[in-house]
Amino acid sequence: MKKANLKEATKARELSMLLAVVSGSGENQEFEGRITVYVTVCVIIAAFGGLMFGYDVGISGGVTFMDDFLKKFFPVVYKKKQHAHENNYCKYDNQSLQLFTSPLYIAALIASFVASKVCSKAGRKPTVQIASIFFLIGVVLTAGDLNIEMIIFGRIFLGFGVGFANQAVPLFLSEIAPTNIRGALNISFQLFITIGILLSNLVNYFTANIHPHGWRISLGIAGIPASMLCVGSILICETPTSLIERHKVEKGRKVLRKIRGVENVDDEFDSIVHACEMARQVKDPFRKLMKPVSRPPLVIAICMQIFQQFTGINAVMFYAPVLFQTVGFGNDAALLSSVITGLVNVFSTIISIYLVDKAGRRILLLEACVQMLISQVIISIILFKGLKATGANLSKGEAIFVVVLVCTFVMGFAWSWGPLGWLIPSETFPLETRSVGFAFAVSTNMLFTFVIAQAFLSMLCKMQAGIFFFFAAWIIIMGVFTWFLLPETKGVPVDSMVDKVWKQHWFWRSFVAEDEFRTDVKVV
């Protein structure tokens, strides 16, 4: 009897290995196709979701810096800012002011789980369309605001848009892109975020001197990318994977031919059909996600989002004008310095697009940890020595050096933890848990973005220059995590992650082995 059970278990294991080989074969194969104009247009339109997100990240800090905005909605902050003996670190410390920025991220956190369901049941395209409508409502409310309550509601609707866009767009890009440039097109989402930040800094630079409604113009211009996303989302196609997953098989084949620009798409089509059939065997993706075999990509996805925020990048991007005024720049110079960091952000992300499939993920992350750590520590030392709570600011040379260090920090982030924080979760989850797994990544990102947005100005007031030491300590933790727990996934097929990555890793293989043992026992 024992021999029979052992024989059955062996057969089950062999069948499992055979399925793994079959499912992985499509990923290793170069499918026929080319980069079509239609795919390029679809990618650009979808990436406008990232542009909208980035524009909001940048515009928030600039608007909270404008005197006309502060006088209308935050007079206490305005008076503190104008005080003759103001505290250099505390003049913007106001919970209501931080509440202007942070509701967006709580709304996005909640929306990401709803968007996950919509993505699976209705498709990627409708999810992007819903995101654009939320964006438009949010823009109308914030740009036309009459009171602080209207602002907060507007920010909440913008948050719904961010949650839906951040859930759908990376999945859309991953599924529509040709296999050989999937990594680069995924990072285009982050590239558009950086472009949005740059555009917002440019807009703030020019509208800061338009009185008394420059802030309304800054917020209202967000309607342009929101409108382009809304109109463009009508023109884009649904992804073949989503169509086939929802039993629209022949339509999926037709769309695949259209986006690849060739008639013979049988190999790729068969690969997608097989992946969808395997995914349908999983009736409860959330339960599957909680199993040990899913632990490695889930833990890594969540940790990547936490670390991304605790680099301090959003603190810098949200409040760059405030930060640069704190170290001694005037109003216009502070905004101009933010434009400079925005340019650095964009060009460094382009470098990431070029290097990610050549150098690999780990080397970019580890190099950036060293670069960001050095920048943060030197900034802390300069501020500790030269910028007291009250009194004179830094010298002009010291202030310029701080801007250079901030640019060095942004550069390191932009070619590593920024784009890879989204790319790695999108390539490590299998199809059956991809949507719900990515929802966990998005919601974690939004949660910790909220924490930083709500706490940064108070932390700056209480910790002063020590805030940069705080973020530097987190960067050390990130480097240790990457070195020991983050395996290289460059060039590894999605369906081969378990065999080629997790089973080979000194730590994660124990979780995969435990899941295999449970599977064998169940079969016996």
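Evaluated with a Cβ-only charge set (Lys, Arg +1; Asp, Glu -1), segment 382-476 carries a dipole of roughly 420 debye about its Cα centre, given to the nearest 20. Residue ranking by accessible heavy-atom surface, 1.4 Å probe, largest first, among Cys461, Cys276 comes out as Cys461, Cys276. Cross-link pairs exceeding 26 Å in C-alpha to C-alpha distance, out of Lys121/Lys254; Lys258/Lys503; Lys79/Lys462, comprise Lys258/Lys503.
Residues in segment 197-212 carry Karplus couplings, in order, of 5, 4, 4, 5, 5, 5, 4, 4, 4, 8, 7, 4, 9, 9, 10, x Hz; the curve used is 6.51 cos²θ - 1.76 cosθ + 1.60 with θ = phi - 60°, and Gly or Pro positions show x. The candidates Trp502, Trp474, arranged from most to least accessible area with a 1.4 Å probe in the full protein assembly, appear as Trp474, Trp502. If you sort the three axes of the alpha carbon gyration tensor as a ≥ b ≥ c, you get a/c of 1.5 or more for segment 189-321 and a/b no higher than b/c, which makes it oblate.
Proximity of backbone amide H atoms, modeled 1.01 Å from N, is registered between Lys490 and Arg361 at under 5 Å, excluding neighbours fewer than 5 places apart on the same chain. Given a 1.4 Å probe and the protein chains as shown, Arg253 ends up with an accessible area of around 50 Å². Once you sort the root eigenvalues of the Cα gyration tensor of segment 211-267 as a ≥ b ≥ c, which label holds: rounded (a/c under 1.5), prolate (a/b larger than b/c) or oblate (the other case)? Because a/c hits 1.5 or more and a/b exceeds b/c, segment 211-267 counts as prolate. Using a probe of 1.4 Å, the accessible surface attributed to Asp266 totals some 70 Å² when neighbouring protein chains are kept in position. Cα gyration tensor of segment 437-506, axes a ≥ b ≥ c as square roots of the eigenvalues: rounded (a/c below 1.5), prolate (a/b > b/c) or oblate? Note, shape of segment 437-506 comes out oblate.
Taken one residue at a time, the phi angles of segment 125-140 give Karplus couplings (6.51, -1.76, 1.60, θ = phi - 60°) of 4, x, 5, 5, 4, 4, 4, 5, 5, 4, 4, 5, 4, x, 5, 4 Hz. Gly and Pro are set to x.
Heavy-atom accessible surface of Ile378, to the nearest 10 Å², is about 60 Å², with a 1.4 Å probe and all protein chains retained. Taking the average, over residues, of other Cβ atoms within 10 Å as the packing measure, peptides 438-448, 290-300, 164-174, 479-489 rank 164-174, 438-448, 290-300, 479-489 from highest down. For segment 234-298, the carbon plus sulfur part of the accessible surface works out to 53%, probe radius 1.4 Å.
Here the Karplus curve 6.51 cos²θ - 1.76 cosθ + 1.60, taken at θ = phi - 60°, turns the phi angles of segment 270-275 into couplings of 4, 5, 5, 4, 4, 4 Hz, with x standing for Gly and Pro. The mean sequence distance of close C-alpha pairs (under 8 Å, at least 6 residues apart), as a share of the length of segment 105-175, puts its relative contact order at 47 percent. Pairs exceeding 27 Å between alpha-carbon atoms, taken from Lys291/Lys490; Lys248/Lys283; Lys248/Lys358; Lys71/Lys396: Lys248/Lys358; Lys71/Lys396.
The values are calculated or read from the model by the stated rules, or taken from the named source; none is laboratory data. Everything quoted here is computed from the prediction, not taken from an experiment. In this analysis, Cβ positions are derived from the backbone assuming ideal geometry, glycine residues included, and neighbour counts consider all displayed protein chains. In case anyone asks, the SASA skips ligands and DNA or RNA and just uses the protein heavy atoms, side chains included. Shrake-Rupley method; radii C 1.70, N 1.55, O 1.52, S 1.80 Å.
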